[in-house]
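The values are calculated or read from the model by the stated rules, or taken from the named source; none is laboratory data. No experiment lies behind these values; they were computed from the predicted model shown. Methodologically, a virtual Cβ is constructed for each residue, glycine included, from the backbone with ideal geometry; neighbour enumeration extends over all protein chains shown.
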Amino acid sequence: MMSDEQIRQHFQVIRQQIVARQRDGTEEIDAAIEDLQVIYEQMQTRLEMLEEVEEDLFQQQQYYQDIFQFFPIASLVTDANGLILEANQAIAELLNLPHSYVLRKPLAVFIEERDRTEFRTRLNQLAQSNGTQVWQTRLCSRDRTPVSVELHIAITRNTQGQIEQLRIGVYDLSLLQQTIASTDLSNSPLQVSTHQLPRSLDGLQVLFVDDEADIREFVTTALEAHGIRVRTVASAAAALEELERFRPDVLLSD
């Protein structure tokens, strides 16, 4: 049987072991807390960096969205079926409609009724098309007569080759038609009113519009042989851009 002294010593040993274990446990807890603090600070730093990146991306997105919205050329983004996903202010003004009214509408509803069947047919054929497509049609909106336009359609596809979006530039052909009318052209693409020509053909500047490359080449060769400076373009939209730069004396169109 243990004496009282032995019992006291035994309890003393137990107390010492408990204290030692508590001390070891406290040190482990303190070390774990320090590790957690370091991890928290690292996560906080990364979070701040992510917030800065997110803000930069938002600013860039807003910048390009503003460019799209206020771009002077009427522009649309549709899905493969022609449903309007995005539209800028210029197309809303061309249609004489509030901007919000244009969104989520099929583009076909803004096509002049007589042109809709052909428009839908060509839209369905885009899956077999490559490159930018150029179509001429007429748009029509409320309280406005049909407007002749030229659509420049860029096709974006997914990895399976399916159409994801159509990015469409819409050029108002009435601007070009007004320019042609002001030059007093005859119905023939190569006949020019005599009062428009200078006494010498040398230096005369002619802008010729035709979508056939062979015709453009033939006209260029024929006119340049007489000292005439010729600039040719394939579309009405390109002609509008070229008018300001080239400043032709005469504009010819097919």
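Conditions (1) hydrophobic (A, V, I, L, M, F, W, C); (2) surrounded by 11 or more Cβ atoms within 10 Å (Cβ to Cβ); (3) over 17 Å from LEU83 (Cβ atoms), marked per residue:
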{"residue": "ASN96", "(1), (2), (3)": "no, yes, yes"}
{"residue": "LEU103", "(1), (2), (3)": "yes, yes, no"}
{"residue": "GLU118", "(1), (2), (3)": "no, yes, yes"}
{"residue": "ALA127", "(1), (2), (3)": "yes, yes, no"}
{"residue": "THR132", "(1), (2), (3)": "no, yes, yes"}
{"residue": "ARG142", "(1), (2), (3)": "no, no, yes"}
{"residue": "SER148", "(1), (2), (3)": "no, yes, yes"}
Taking the stretch 79-111 and the residues there that are within 21 Å of ASN158 (Cα to Cα) and not β-branched (Val, Ile, Thr), the one that is nearest to the chain's Cα centre (by Cα) would be GLU86
So, first residue under 13 Å from THR78 (Cβ atoms) in the stretch 110-126, second residue among the β-branched types (Val, Ile, Thr) and surrounded by 12 or more Cβ atoms within 10 Å (Cβ to Cβ), Cβ within less than 8 Å, six or more apart or across chains; the pairs are PHE110/VAL102; ILE111/THR137; PHE119/ILE111; PHE119/THR137; LEU126/ILE153; LEU126/ILE155; LEU126/ILE163
Limited to the stretch 128-162, what total is found for residues that are in contact (Cβ under 8 Å) with a residue 40 or more places away in the chain and more than 25 Å from TYR101 (Cα to Cα)? 2
Would you tally the residues in the stretch 106-133 being closer than 19 Å to ILE163 by Cβ and assigned to a loop (DSSP other than H, G, I, E, B)? 5
Tell me, please, whether a residue that is part of a helix (DSSP H, G or I) and modelled with pLDDT under 90 can be found in the stretch 86-94. no
Which residue out of SER141, SER100, SER148 is in the same structural domain as GLY82 (by TED's automatic domain parsing), part of a helix (DSSP H, G or I) and among the hydroxyl-bearing types (Ser, Thr, Tyr)? SER100
Give me a count of the residues in the stretch 224-238 that are assigned to a loop (DSSP other than H, G, I, E, B) and either loosely packed, with under 14 Cβ neighbours inside 10 Å or modelled with pLDDT under 80 (or both). 4
